[in-house]
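The values are calculated or read from the model by the stated rules, or taken from the named source; none is laboratory data. Small disclaimer: the values here were computed from a predicted structure and weren't measured. Note that each Cβ is placed from the backbone with ideal geometry, even for glycine, and that neighbours are counted across all protein chains shown. The accessibility values were calculated without ligands, DNA or RNA, using every heavy atom of the protein model including side chains. Shrake-Rupley method; radii C 1.70, N 1.55, O 1.52, S 1.80 Å.
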Amino acid sequence: MVNSSVTAVELAARLSELREREPVGNALLEAAAKGRLSEESLRRMIGTEAHCHTAELAAYGTLLARFPHRPAADLLIRLARLVCDAQPKLRDCARALGMEGDVHAQRWPTEYAAYAFNGTLSWLASQGTQAAFALAGYADMQVYFAGCAEAIRRVQETPLYVPQELLDYYDDEAPDELSQLALDVVQDGLDQGDDPDETVFCARLLEESIGYFWRAAAGTPEALGA
């Protein structure tokens, strides 16, 4: 067992400092700045998010089996509910963009970047400590929601048609009380001996995988490494 007096708030601050020192980047915002966004980018964003929904629900179920106690179980149930409630709204976005069929059942986009987040989250679900998955979830809420809001703002500044369904879906922020719950779960894990360095490492890894999410959404050759 690792004995440490470090707190969850301190780890969140360490993660924030790392983010400022070594930004992951957002390829979708970069594409927008260069005038390279298209309606295809919006469809790719929706398709990539649908991949994530599937992986998230499986991961939260696995984690709930591993950590079936409070406050971890409370966090996992809330996160799963968040994804479940988002699925019908994402299907509405797909239809508004002319995407046929059930977006959650399709294998597109097909590039590695579209599955990087899924792989990291799945590894965390099977191997991560309680503190690690919770800080990763906290980082996801801090980075992803802010990135989506900025991306939609940038898209609205272009001549692209943006369906109202898309604006409604991404016009959201990470709930403060859910972010606090994630930190509570981190602290509970640390109190039980979870390694703080491993916790930050895993959270940063998930942030980097979100960078791949944006690469997949952008779909530009430079973003995909083509």
The number of residues in the stretch 10-42 that are open to solvent by less than 60 Å² (accessible area, probe 1.4 Å) and part of a helix (DSSP H, G or I) is 13
Heads up, the helices (runs of 4 or more DSSP H) in the stretch 146-226 (entirely inside) with at least 3 residues that are modelled with pLDDT of 95 or more are 176-191, 196-218
Problem - Test: residue in the stretch 79-90 that is within 14 Å of G137 (Cα to Cα) and touching a His at 6+ places or on another chain (Cβ under 7 Å) - result: yes
Condition set under 16 Å from K89 (Cβ atoms) and either open to solvent by 40 Å² or more (accessible area, probe 1.4 Å) or not in a helix (DSSP H, G or I) (or both), scope the stretch 44-66, selection modelled with the lowest pLDDT: answer is T54
Residues in the stretch 11-53 that are charged (D, E, K, R), farther than 21 Å from E208 by Cβ and over 18 Å from the mean Cα position of the chain (by Cα) total 4
Subset of the stretch 176-226, residues β-branched (V, I, T) and open to solvent by 30 Å² or more (accessible area, probe 1.4 Å), comes to none
When restricted to Q180, Q127, the only residue over 15 Å from the mean Cα position of the chain (by Cα), without any contact (Cβ under 8 Å) to a residue 60 or more places away in the chain and under 20 Å from A58 (Cα atoms) is Q127
The number of residues in the stretch 87-117 that are open to solvent by less than 20 Å² (accessible area, probe 1.4 Å), not in a loop (DSSP other than H, G, I, E, B) and not β-branched (V, I, T) is 7
